[in-house]
1. Can you tell me which residue is farthest from residue 92 (Cα to Cα) among those in the stretch 160-175 that are more than 13 Å from the ligand (Cβ to nearest atom) and over 10 Å from the mean Cα position of the chain (by Cα)?
2. Go through the stretch 38-83 and give me each residue that's within 14 Å of residue 157 (Cα to Cα), crowded, with 19+ Cβ neighbours inside 10 Å and of a type outside the set (D, E, K, R).
3. Do we find a residue being at pLDDT 95 or above, within 16 Å of residue 204 (Cβ to Cβ), away from the ligand (no atom under 16 Å from the Cβ) and of a type in the set (Ser, Thr, Tyr) anywhere in the stretch 129-152?
4. Which residue out of 131, 113, 125 is assigned by TED's automatic domain parsing to the domain that holds residue 173 and over 20 Å from residue 184 (Cβ atoms)?
5. Going by what's in this entry, would residue 85 be described as closer than 24 Å to residue 34 by Cα, of a type in the set (Lys, Arg) and touching a residue at least 12 places away in the same chain (Cβ under 8 Å)?
6. Against the condition under 15 Å from residue 81 (Cα atoms) and more than 16 Å from the ligand (Cβ to nearest atom), how does residue 59 come out, does it pass?
7. Suppose we filter the stretch 151-173 for residues that are surrounded by fewer than 22 Cβ atoms within 10 Å (Cβ to Cβ) and outside any loop (DSSP other than H, G, I, E, B); how many remain?
8. Could you list all residues from the stretch 18-37 that are surrounded by 16 or more Cβ atoms within 10 Å (Cβ to Cβ) and assigned to a loop (DSSP other than H, G, I, E, B)?
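The values are calculated or read from the model by the stated rules, or taken from the named source; none is laboratory data. Just so we're clear, the structure is a prediction, and the values are computed from it rather than from any experiment. Cβ sites come from the backbone with ideal geometry, for glycine too, and all protein chains shown count toward neighbours.
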Amino acid sequence: MGKYTLPQIPYAYDALEPHIDARTMEIHHTKHHQAYTDKLNTALEACPTEIQSKDILEILANINQVPESQRGAINFNGGGYDNHKLYWNNMKPNGGGEPGGSIADAINDSFGSFSAFKEKFSSTSAVIQGSGWGWLVYNPSTKKVEYKSMPNQTSPRTEGLVPLLGCDVWEHAYYLKYQNKRPDYISSWWNIVNWDEVENRFSKAK
Ligand code: MN
């Protein structure tokens, strides 16, 4: 058995309906997230033991230390493993609304207002070419929060950023219900954001 196993989702597959349908959730978790997890294990097994012994978050933050033969696979599948773990937990039934606490202050400081942040996140994530993720991240070097688009499964951690809130804009995240209408998925997704979890991540990142 590999080092990593498929992370659990803390609610039922149908719990996010009508915003994300149960079938999409089930396939996304049991097929896509499982595949990233399995392929991460396979790539790690081909790495030297000093890489294998590190936590995946540390490996992603130092991706250039991974041997070149496995770097692409670890970047993609390790990112996919971690991104989806974050995604399931930064959503919840009856979520949404506006954040409170220190994350609200940080968003206001960086974007001017919550509505300006939401508009920036939505419009920029909507036009990511092909597959990728929209992220609210904490930048330790500026001590501010930022919006960041990332391609495919590449983690913001590979650029020294701490992921706080991620929206998966791969077609597999929304196609069954929304088909080509990615902006409609993003618009609906705001109703299930778990701001308590985002605040938790921000508190740990600061
Ligand atoms: Mn996905």
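1. 160
2. Correct list: 56, 59, 60, 74, 75, 77, 78, 79, 80, 81, 83.
3. yes
4. Criteria check complete, one pass: 113.
5. yes
6. yes
7. 6
8. Listed by number, the residues that qualify are 19, 20, 21.
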